[in-house]
1. With respect to Ala226, determine if the residue is closer than 24 Å to Gly93 by Cα, out of contact with any helix residue (DSSP H, G or I) (no Cβ under 6 Å at 6 or more places or on another chain) and modelled with pLDDT of 85 or more.
2. Which condition does Thr63 not pass, out of (1) at pLDDT 80 or above; (2) touching a Ser or Thr at 6+ places or on another chain (Cβ under 6 Å); (3) closer than 20 Å to Thr183 by Cβ, if it passes all the others?
3. For Ile182, are the conditions met, namely being assigned to a helix (DSSP H, G or I), modelled with pLDDT of 75 or more and more than 26 Å from Ile16 (Cβ to Cβ)?
4. Out of the stretch 24-42, which residues are touching a Gly at 6+ places or on another chain (Cβ under 9 Å) and modelled with pLDDT under 85?
5. Within the stretch 272-289, can one find any residue that is surrounded by fewer than 24 Cβ atoms within 10 Å (Cβ to Cβ), within 21 Å of the chain's Cα centre (by Cα) and in a helix (DSSP H, G or I)?
6. Checking the condition within 21 Å of Gly347 (Cα to Cα) and in contact (Cβ under 8 Å) with a residue 12 or more places away in the chain, which residue from Val321, Val283, Val311, Val229 passes?
7. So which residues in the stretch 161-179 are farther than 22 Å from Leu50 by Cβ and in a helix (DSSP H, G or I), if there are any at all?
8. Is at least one residue of the stretch 383-397 part of a helix (DSSP H, G or I), at pLDDT 85 or above, touching a Leu at 6+ places or on another chain (Cβ under 8 Å) and among the polar types (S, T, N, Q)?
Amino acid sequence: MKNTLKYHLLSLNSFILYGAALGILTAFYLPMLQPAAHAVSYITINLLKLISLPLIFFSITATISGMADIDEMRFIGRVVVKYTLMTTIIAAGIALLIFLIMNPVRGDFICQATNLEDFGGYFDFMCKLVPSNVVQPFAENNVIGMMLIALGLSFATLTLPEENKIILNSFFSSFFAALLRITHALVLVIPVGVWAFTVLFMESIKEQHIDSIRRLALYVICILGANFVQAFVILPLFLIWKGYKPFSSMRKMSPALSVAFFSRSSNVALPLTLESTQRTFGVSQKIANITLPLCATINMNACAAFILTTVLFVGQSNGMVFTAFDMLLWIFIATIAAIGNAGVPMGCYFLSGALLAAMNVPLDILGVILPLYALIDMFETAVNVWSDACVAAMVQKDVGQSY
């Protein structure tokens, strides 16, 4: 009992909360430390920018290039990717709909019809997203251009002879592993950054009063609401479509979902997910062994919802105005980013930070969100594991007779 208490008191989440609490005290009782908070915030944001784009690039390339070759994926893999894309895009779309309904920032959205002059601006914007060389996206923080290169390189790798594919995947995976080590080290200093972000945020609250707290509460409701709709409405509809009883299946999956919720790791829950999915949905061992590890890597419904909601919330809180075209585009950006989230500690959070940093949006509010992320992440992981099981069940229905 004492060891458990000591672990919780010294865990990273606890230090993040300590940093947030210390930031509140500093803002009220030691305002002379605000310049130091600005400096720490600036350094932390630069570190996030330094690691974020390479992390996303090698996450995507290591994940996709490590899949089976295209011929092998054509049968089962194609179905897995189809349902993964469908559920993830829907999750991002639901998140956008709830965000528009709740409108936590009470800001402006431009939703009127686009005139012909606007199309010229959009086409110019889209043309600038396509890089002219591989260095340009990293130098200019062009996230979409970087994703285009990563996706093209990854799928091209799958068509190469096996020896070339192994070499490239080994390079991508090794570089990704090295970046993960750096990320682990960066995570350790996050509590200091949280202190600085909280000091600056509390200063803004003094100016804006209770409205900032209300916005933050509505933001959390948006994310949890999107996860709730995805888990209890959208995914059950998919299961009913395939002839399953969704809610009795969810009860049978509860051991795996509980482990996912409390561990906040799809990989930790994977052994129990494999067993529960086979028992609950009658998925064959071969399909489960192919589908579930792949889904644990690329099927991130809740992450897509988090990225889209967080980018819109932080961006709009800093004065950005999103058009209807922008918001629809973010559904697909969030989907691609979520699929490339494999194995990244606090991946949704870092990916959101990377996208915001690429748009030169201040990240102070993102730092204040961090103490709440532990709770959000618990729900997200459970939703992701439930989605993995649902995708495996749908794959079984589609290709089960051949396997």
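The values are calculated or read from the model by the stated rules, or taken from the named source; none is laboratory data. Not measured: the values here are computed from a predicted model. Quick reminder, even Gly has a Cβ in these numbers, built from the backbone with ideal geometry, and neighbours come from all protein chains shown.
1. Considered against the rule, which asks whether it is closer than 24 Å to Gly93 by Cα, out of contact with any helix residue (DSSP H, G or I) (no Cβ under 6 Å at 6 or more places or on another chain) and modelled with pLDDT of 85 or more, Ala226 comes out as no.
2. Answer for Thr63: the failing condition is (1).
3. When the stated conditions are applied, Ile182 does not pass them.
4. Ser41 - this is the single residue of the stretch 24-42 that is touching a Gly at 6+ places or on another chain (Cβ under 9 Å) and modelled with pLDDT under 85.
5. no
6. Going through Val321, Val283, Val311, Val229 in turn, the sole match is Val311.
7. Initial filter on the stretch 161-179 (farther than 22 Å from Leu50 by Cβ): 161-170.
Selection gives Glu162, Glu163, Asn164, Lys165, Ile166, Ile167, Leu168, Asn169, Ser170.
8. yes
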